[in-house]
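J.: Sharing a structure, written as structure tokens. Questions coming.
Derivation of every value follows stated rules applied to the coordinates shown; laboratory data play no part. Note that the structure is predicted; figures quoted are calculated from it, not measured. Glycine also receives a Cβ, built like all others from the backbone with ideal geometry; neighbour counts cover every protein chain displayed.
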Amino acid sequence: MIDEPVTADPLGDALDCISASFDRFQEAHFWIHGLESYYHHASHFRWHLSAFLKALKEVPQLLQMELQNQPGFTEWFHGQRTQLRNDPLIAFLAKQRDIVVHQRMLIPESRCSVGITELRGMKLGMGLSIDPRQDSDHAMHRYLAVAAERGDFFGILIPDEDSIPCVHRVWRLSGFEEDIIEVCARAWLRTGETIVKVIRWMGVEPPPLSLDCRHADQKVQFKLYDREKLTAQLRALGGKTK
Ligand SMILES: [Zn+2]
């Protein structure tokens with residue numbers, strides 16, 4: 001019989017000291033994937049965004065709470081927390097979270113286009129302004145409704161093995177060029193830097209943080225549709241197909 005080696009786990013011990021903070025940080029990570037999953041479902045997307053903003057903002061508060069009895073921590077952490085709070089991105093998102101909690105719904109900007117993709121971006125598309133409170137399906141239904149009257153003017157229903165009808169959607173927060181998920185990912189990593197510093201303060205070197213698990217924009221921003229089903233829907237609306 002081989003003796004099980006007894007391994008010291010300094011990282012595990014450090015994480016035990018900040019279990020609630022780290023749990024909230026992981027929760028925020030989970031909500032980022034929720035944003036990916038519900039990208040085309042307007043309400044669900046917004047609710048995941050709210051949950052993300054809330055969870056992320058609670059991380060530094062929990063760190064303070066969990067380590068307040070460690071000698072010297074509060075004094076040291078005060079500077080770290082101020083730095084994090086003053087980070088323009090973190091400050092902006094914290095404000096959005098306060099708006100959601102205390103004032104009103106947070107409705108980001110959203111644009112979409114209907115067209116076809118060959119799975120490498122949009123091959124052909126027609127931009128539609130979409131009410132951010134509507135699902136991407138709504139944009140496709142609108143196209144079909146117009147196509148039922150005027151014909152499939154974009155030709156997205158013409159049989160073609162290489163292309164797939166799609167809606168390409170992008171969510172943005174005003175003032176940011178990138179997609180919301182990119183903004184959230186940056187904020188998560190920035191908050192993670194503070195956790196890393198806290199773990200180092202406890203004398204442990206944690207592994208680098210990464211969000212490589214995120215899905216590519218192509219996968220997230222494009223909702224693909226079955227051409228035959230769309231064609232059947234067009235016929236049901238009284239439209240002609242070629
Ligand atoms: Zn992940």
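J.: Taking the chain, how much of its Cα-Cα pair set, in percent, is spaced more than 28 angstrom apart?
T.: Beyond 28 Å sits 46 percent of the P(r) for the chain.
J.: Taking the Cβ of each residue in SER110, SER136, SER37, SER174 as the centre, tally the other Cβ atoms inside 10 Å and list the residues starting with the fewest.
T.: SER174, SER37, SER110, SER136
J.: Taking the Cα atoms only, what angle lies between the long axis of helix 88-102 and the longest principal axis of the chain, rounded to 10 degrees?
T.: The answer is roughly 80 degrees.
J.: Using a 10 angstrom cutoff on alpha carbons, build the Gaussian network for the chain and name the most mobile of LYS229, LYS123, LYS219.
T.: It is LYS229.
J.: Can you tell me the orientation of helix 227-236 relative to the chain, as the angle in degrees between its alpha-carbon axis and the longest Cα principal axis, to the nearest 10?
T.: 50
J.: Still on this model: Residue-wise, which Karplus ³J(HN,Hα) couplings in Hz belong to segment 54-70, taking 6.51 cos²θ - 1.76 cosθ + 1.60, θ = phi - 60°, and x for glycine or proline?
T.: Residue by residue, segment 54-70 yields 5, 4, 5, 5, 7, 4, x, 5, 6, 4, 4, 5, 6, 10, 4, 8, 7 Hz.
J.: Right, next: Among VAL220, VAL170, VAL204, which one shows the biggest mean-square fluctuation in a GNM of the chain, springs joining Cα atoms closer than 10 Å?
T.: Looking only at VAL220, VAL170, VAL204, the largest GNM fluctuation is found for VAL204.
J.: I want to verify a result. In a Gaussian network model of the chain, Cα cutoff 10 Å, which of these has the top mean-square fluctuation: PHE52, PHE153, PHE73?
T.: Checking each option, the largest mean-square fluctuation is seen for PHE153.
J.: Helix 19-37 against the longest principal axis of the chain: what's the angle in degrees, Cα atoms only, rounded to the nearest 10?
T.: Relative to the chain, helix 19-37 is tipped by roughly 10 degrees.
J.: Applying 1/(1 + (r/R0)^6) with R0 = 22 Å to the Cβ-Cβ distance of ARG81 and GLU178, what FRET efficiency is obtained, to the nearest 0.05?
T.: That gives a FRET efficiency of 0.30.
J.: Moving on. Add +1 for every Lys or Arg and -1 for every Asp or Glu among the other residues with Cβ under 13 Å from the Cβ of ARG186, and state the total.
T.: Local net charge: -4.
J.: Calculate, for ASP212 and GLU149, the FRET efficiency according to 1/(1 + (r/R0)^6) with r their C-beta to C-beta distance and R0 41 Å; round to the nearest 0.05.
T.: Plugging the Cβ-Cβ distance into 1/(1 + (r/R0)^6) gives 0.30.
J.: Around LEU211, what is the net charge, scoring Lys/Arg as +1 and Asp/Glu as -1 over all other residues with Cβ under 14 Å from its Cβ?
T.: Combined, the nearby Lys, Arg, Asp and Glu give -4.
J.: Could you tell me how far the Cα centroid of segment 103-123 sits from the Cα centroid of segment 138-197, in Å?
T.: 3
J.: Same structure again: Could you please report the charge total around MET140, scoring K, R as +1 and D, E as -1 over all other residues with beta-carbon less than 12 angstrom from its beta-carbon?
T.: That sum, taken over residues with Cβ under 12 Å, equals +2.
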